[in-house]
Amino acid sequence: MSRIDLKRTPRANVFSLSGPDLAALGKALGVPPSAGAESSSDEASRTAMAAAVRDRLRGLDMDVFTVYSITDLYNCLNASPLWKQLPKEKQGRLRLLAEKTHMSLREEKVRDPATAREKTRVSFYFDGLPDRAGEQNGTTLKGGIGKVYRMAREAGQLVAEALKTAPDVEVAQVCGVSMGGGSAQMFATALQNHVQLPKEPTLILLDPMLLNKKQARHAVERAPEDSAPQANDFKRPHGLMITLDASHAPRKNLVDRLQGVGYKAEGLVRLHLGLERTDGLDLTQPKPEWLMGYHGNRHLYGKALHRFTAGE
C-alpha cells in the first residue's frame with residue numbers, strides 16, 4: 001500500500017506533491033499516466049497530471065453522506081436509465097438491496113467529446129450506517145462475510161446486468177465511508193466482474209472498513225469467464241482511501257486500528273490529510289470520535305479536500 005502522509009502539512013495541495021506521490025495518486029484514481037510526470041524537471045507534465053487528479057477528487061459529492069433518504073433513493077432510481085433496463089422483479093430486488101446497504105446514486109448528463117452523443121454519468125455512494133450495521137461489524141471482525149456485504153455484491157451484479165443494455169451510461173465513481181467503504185469495494189468488484197466497462201470507475205473510500213480474506217474472496221468468486229481480469233486482482237492499484245488526522249491533536253482512525261490487528265489494504269493508495277485547528281463547525285477545533293479519531297465527519301473531509309484540491 002502506498003501512503004501519502006500530509007498530516008503535518010495540512011495546507012499542502014495536489015500541485016505540491018512529489019512526482020512519485022502524484023503518480024501513485026493518479027494510478028489509484030485511474031488517471032492515465034503522463035510521460036514525465038514523475039520527473040521534477042518536467043513541470044508541464046506534472047501540472048497536467050495534478051490537474052487531472054484534482055478534477056477526479058472534486059467530483060466527490062460529500063453531501064450524499066449527510067442524511068440517508070429512502071425517498072431520494074426512490075426518486076433517483078425511478079429516473080435512472082439503468083433502472084429501465086431491468087425486468088420488474090429485478091427492479092424491486094435492486095431497490096431492496098439499495099435500501100438495506102444504504103446505497104445512493106447521483107447522475108448527470110454529459111456530452112461525449114469523442115462521439116458528440118449525450119450520455120449519463122452515474123456515481124454510487126454507500127454510507128457507513130446500513131441496516132444491521134452492528135451485525136455486519138461483528139461478522140467482519142470474526143472473519144465472515146456478512147449480509148450487508150453479500151447484498152452490496154449482488155447490487156453490483158444487477159447494475160452490471162443493466163449496463164449491458166445501456167451503452168450510453170457510464171459509471172464514474174463508486175464511493176463509501178466507514179462500513180460503506182467495504183460495501184463499495186464489494187459493489188465495484190462485482191460490477192467489473194460481470195460487465196466489460198470501457199473505463200474503470202474511480203473507487204474512493206473514506207476511512208473504510210477493510211475487507212477480511214473471506215470477504216475479498218467472496219467479492220470475486222463465480223465471475224463470468226469474460227469478466228475483466230484486473231477486477232480479480234486486489235493487489236494492483238485500484239482505489240484511493242482518504243483518512244484524516246490533526247498534528248495538534250493526533251488520533252488513530254479506523255484504518256489505523258484495523259491495520260494494527262493485521263488487516264491489509266492491498267491495492268489501495270492512502271491519502272492521509274491533515275486538519276487545522278479551525279476546521280470544525282463555525283471555525284472551532286475539530287472534535288475526534290472515541291476510538292476512531294476524525295473518522296466519519298463529512299464536514300472535516302470537505303474542508304481537508306477543499307484545501308488539497310485548491311490551486312492552479
For region 175-209, name all the residues that are over 21 Å from Gly302 (Cα atoms) and either part of a strand (DSSP E or B) or among the polar types (S, T, N, Q) (or both). Ser183, Gln185, Thr189, Gln192, Asn193, Gln196
Considering each of Ala24, Ala12, Ala52 in turn, give the residue that is at pLDDT 90 or above, small (Gly, Ala, Ser) and closer than 14 Å to Leu240 by Cα. Ala24
Here the residues within region 144-166 that are over 15 Å from Arg217 (Cα atoms) and assigned to a loop (DSSP other than H, G, I, E, B) are Lys164, Thr165, Ala166
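I need the helices (runs of 4 or more DSSP H) fully contained in region 36-113, keeping only those with at least 1 residues that are of a type in the set (Ser, Thr, Tyr), free of Cβ contacts under 8 Å to residues at least 12 places away in the same chain and more than 29 Å from Ala23 (Cβ to Cβ).
Filter on region 36-113 gives 70-79.
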Of the residues that sit in region 96-118 and are of a type in the set (A, V, I, L, M) and within 15 Å of Gly156 (Cβ to Cβ), which one is surrounded by the most Cβ atoms within 10 Å (Cβ to Cβ)? Met103
Checking the structure you have, find out if any residue of region 278-294 is of a type outside the set (Phe, Trp, Tyr), surrounded by 18 or more Cβ atoms within 10 Å (Cβ to Cβ) and not in a loop (DSSP other than H, G, I, E, B). yes
Between residues in region 119-143 that are assigned to a loop (DSSP other than H, G, I, E, B) and of a type in the set (Gly, Ala, Ser) and residues that are modelled with pLDDT under 90 and surrounded by fewer than 23 Cβ atoms within 10 Å (Cβ to Cβ), which pairs lie under 6 Å by C-beta distance while being six or more apart or on different chains? Gly128/Gly296
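The values are calculated or read from the model by the stated rules, or taken from the named source; none is laboratory data. Please read these numbers as outputs of a predicted model, since none were measured by experiment. When we count neighbours, we look across all protein chains shown, and the Cβ atoms used for this are built from the backbone with ideal geometry, even at glycine.
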